[in-house]
């Protein structure tokens, strides 16, 4: 380590472990993948969307039932469902005039459960 003008230590090397840098660089995500992943995780940053995802991890539900469960308007729930659909976290099916929402797949359930397990540690 080298001490700088403010007496703060810093690494004086450009690359210390070139073999590690080279290996990680080969496996590094593309910018497009990083952006998609950032968008995916950003969706989990909203409390209402998390409540919806949790409810849908238990059972498929319609907008009316979600609105009643969360004490929100149907339009507010519909807006959040649109965001969740656009990021492919949920899917829907129609039964007559009623639209039922559920998690898109088990990957979503797993991500949610892992996050929940982490915060409950």
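Of all residues in region 24-74, which are outside any helix (DSSP H, G or I) and either surrounded by 15 or more Cβ atoms within 10 Å (Cβ to Cβ) or under 22 Å from the mean Cα position of the chain (by Cα) (or both)? Step through it out loud before you land on a result.
Initial filter on region 24-74 (outside any helix (DSSP H, G or I)): 28-30, 44-46, 59-62, 71-73.
Across region 24-74, the qualifying residues are 28, 29, 30, 44, 45, 46, 59, 60, 61, 62, 72.
Among 77, 90, which is crowded, with 16+ Cβ neighbours inside 10 Å, under 17 Å from residue 59 (Cβ atoms) and touching a strand residue (DSSP E or B) at 6+ places or on another chain (Cβ under 8 Å)? Steps first, answer last, please.
Numbers: 77 fails: touching a strand residue (DSSP E or B) at 6+ places or on another chain (Cβ under 8 Å).
That would be 90, the only listed residue that is crowded, with 16+ Cβ neighbours inside 10 Å, under 17 Å from residue 59 (Cβ atoms) and touching a strand residue (DSSP E or B) at 6+ places or on another chain (Cβ under 8 Å).
Quick one: is residue 20 at pLDDT below 95, more than 16 Å from residue 109 (Cα to Cα), outside any helix (DSSP H, G or I) and out of contact with any strand residue (DSSP E or B) (no Cβ under 8 Å at 6 or more places or on another chain)? Spell out the reasoning first.
Working: at pLDDT below 95: yes; more than 16 Å from residue 109 (Cα to Cα): yes; outside any helix (DSSP H, G or I): no; out of contact with any strand residue (DSSP E or B) (no Cβ under 8 Å at 6 or more places or on another chain): yes.
Here the answer is no, as residue 20 does not meet what is asked.
The values are calculated or read from the model by the stated rules, or taken from the named source; none is laboratory data. This is a predicted model, so every value here is computed, not measured. Quick reminder, even Gly has a Cβ in these numbers, built from the backbone with ideal geometry, and neighbours come from all protein chains shown.
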